[in-house]
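Let me begin by presenting the structure, written as structure tokens, before commenting on it.
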Amino acid sequence: MKVLFMGTPDIASGCLQKLIDEKFDIIGVVTQVDKPQNRGKKLGMPPVKELALKNDLEVYQPQKVRDEDFIETVKKLNPDVIVVVAFGQIIPKSILDIPKFGCINVHVSLLPKYRGAAPINWVIINGEEKTGVTTMYMDEGLDTGDIILTEEFDLDNEITAGELHDKMKEVGADLLVETLNLIKDKKAPRTPQNHEEHTYAPIMNKSLGHIKWDNSAKDIHNLVRGVNPWPSAYTIYNEDTIKVWKTRVLDETSNKEVGTIIDVDKEGIKVSTKDKVLLIEEIQMPGKKRVLVSEYIKGNKIEIGTVLK
């Protein structure tokens with residue numbers, strides 16, 4: 001079975017590596033164009049391209065997959081199946097119709113929940129207790145195709161988006177191999193999604209990380225986890241923007257104005273919220289490295305009574 005792989009970021013490289021390890025016939029790898037990195041000083045390759053080149057795979061980097069020249073290239077390659085993992089462009093019908101077994105997508109949520117660009121972040125921000133990975137046959141909609149397989153697992157209330165990303169990378173790769181083997185054996189199930197149950201996971205931006213202290217302590221804790229490592233949570237202390245990396249909800253309350261620093265000790269910074277007290281355990285001051293509060297206060301002072309904004 002000839003496989004054309006389409007993907008760009010690190011999470012996609014996990015699936016590509018698994019296909020390489022399992023000796024699939026990968027006839028080409030399609031990824032986004034190289035982009036400036038390190039403040040625009042030089043071009044950097046997508047992780048998928050780096051992996052492909054290391055394994056002597058043919059790499060294609062079309063500006064737009066809708067371009068006629070690229071569509072003709074795919075037709076000449078004549079893949080049996082196209083695998084798409086976080087590629088970053090909408091795949092047109094003219095490509096979806098080329099492979100005889102269709103285009104298969106690995107999506108890191110339990111579809112139809114959390115369609116869109118950032119399901120890993122939003123399941124944590126929204127305090128979901130479970131998530132998973134879905135493989136599906138692609139159609140022209142946004143993550144609307146028929147489901148092939150799902151792998152579900154529980155979420156604890158401490159996992160960060162970065163940690164969940166790494167777990168998804170492994171689970172998604174394994175599920176993809178299982179899916180392709182079923183397709184090859186003509187045993188793959190096909191279940192239409194219930195579109196009435198769909199939810200959306202929009203792309204992340206930096207402003208989402210701004211902590212609103214009039215939310216509940218649990219909601220703030222979930223936000224901090226859901227935007228770690230990017231775009232990261234932050235708050236304003238006096239005139240400084242402080243990144244908040246780790247928090248814990250305490251079983252205590254305060255009648256102080258929301259956002260008020262009510263205590264600081266080696267455990268962390270206690271802050272009043274809409275309901276319970278939130279303990280900030282790890283911070284990053286402007287231009288500094290992230291540190292535990294217990295380390296920071298050894299040589300610096302954080303004023304009790306200050307209201308975070």
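The values are calculated or read from the model by the stated rules, or taken from the named source; none is laboratory data. What you see is a predicted model; the values in this text were computed from it and never measured. Neighbour counts are summed over all protein chains in view; Cβ atoms, including those assigned to glycine, are modelled from backbone coordinates with ideal geometry.
Need pairs with beta-carbon distance below 8 Å; first residue crowded, with 16+ Cβ neighbours inside 10 Å and at pLDDT below 95 and within segment 1-25, second assigned to a strand (DSSP E or B) and among the hydroxyl-bearing types (Ser, Thr, Tyr); sequence gap 6+ or separate chains.
Sorted first by the residue in segment 1-25, then by its partner, the list stays empty.
If Leu223 passes every condition in (1) in contact with a Ser or Thr (Cβ under 7 Å, 6 or more places away or on another chain); (2) surrounded by 16 or more Cβ atoms within 10 Å (Cβ to Cβ); (3) not β-branched (Val, Ile, Thr) but one, which one does it miss?
Failed condition: (1).
Condition first: in contact with a Ser or Thr (Cβ under 6 Å, 6 or more places away or on another chain), modelled with pLDDT of 95 or more and under 13 Å from Thr235 (Cα atoms). Can you find one or more residues in segment 247-255 that meet it?
Restricting attention to segment 247-255, the residues satisfying the condition of being in contact with a Ser or Thr (Cβ under 6 Å, 6 or more places away or on another chain) are 254.
Narrowing the set further to residues that are modelled with pLDDT of 95 or more leaves 254.
From what's left, under 13 Å from Thr235 (Cα atoms): none.
Scanning segment 247-255, I find no residue that is in contact with a Ser or Thr (Cβ under 6 Å, 6 or more places away or on another chain), modelled with pLDDT of 95 or more and under 13 Å from Thr235 (Cα atoms), so the answer is no.
Among (1) at positive phi; (2) loosely packed, with under 11 Cβ neighbours inside 10 Å, where does Glu196 come up short?
It is condition (1) that Glu196 fails.
All but one of (1) on the phi < 0 side of the Ramachandran plot; (2) buried (at least 21 other Cβ atoms within 10 Å of the Cβ) hold for Tyr114; state the number of the condition that does not hold.
Tallying (1) on the phi < 0 side of the Ramachandran plot; (2) buried (at least 21 other Cβ atoms within 10 Å of the Cβ), Tyr114 fails exactly one: (1).
Please go through (1) touching a helix residue (DSSP H, G or I) at 6+ places or on another chain (Cβ under 9 Å); (2) of a type outside the set (Val, Ile, Thr); (3) over 27 Å from Arg115 (Cα atoms) for Gln37 and return the number of the only condition it doesn't satisfy.
(1) is the only condition that Gln37 fails.
Out of all the residues in segment 177-197, which are touching a Ser or Thr at 6+ places or on another chain (Cβ under 8 Å) and assigned to a loop (DSSP other than H, G, I, E, B)?
Hits for segment 177-197 are Ala188, Gln193.
Just checking, which of Glu129, Glu72, Glu170 is free of Cβ contacts under 8 Å to residues at least 12 places away in the same chain, outside the structural domain of Arg225 (by TED's automatic domain parsing) and charged (D, E, K, R)?
Numbers: Glu129 fails: free of Cβ contacts under 8 Å to residues at least 12 places away in the same chain; Glu170 fails: free of Cβ contacts under 8 Å to residues at least 12 places away in the same chain.
Criteria check complete, one pass: Glu72.
Considering (1) closer than 18 Å to Lys18 by Cβ; (2) surrounded by 22 or more Cβ atoms within 10 Å (Cβ to Cβ), say which one Leu149 fails and leave the rest.
(2)
Among (1) in contact with a helix residue (DSSP H, G or I) (Cβ under 6 Å, 6 or more places away or on another chain); (2) more than 22 Å from Glu140 (Cβ to Cβ), where does Cys103 come up short?
(2)
Given the condition out of contact with any strand residue (DSSP E or B) (no Cβ under 9 Å at 6 or more places or on another chain) and under 18 Å from Ala12 (Cβ atoms), answer yes or no: does some residue in segment 122-145 qualify?
Scanning segment 122-145, I find no residue that is out of contact with any strand residue (DSSP E or B) (no Cβ under 9 Å at 6 or more places or on another chain) and under 18 Å from Ala12 (Cβ atoms), so the answer is no.
Cβ-Cβ under 7 Å, sequence separation 6+ or interchain: first residue in segment 286-309 and in contact (Cβ under 8 Å) with a residue 24 or more places away in the chain and closer than 16 Å to Tyr234 by Cα, partner in a loop (DSSP other than H, G, I, E, B) and among the charged types (D, E, K, R). Which pairs?
Within 7 Å, the pairs are Val307/Glu257.
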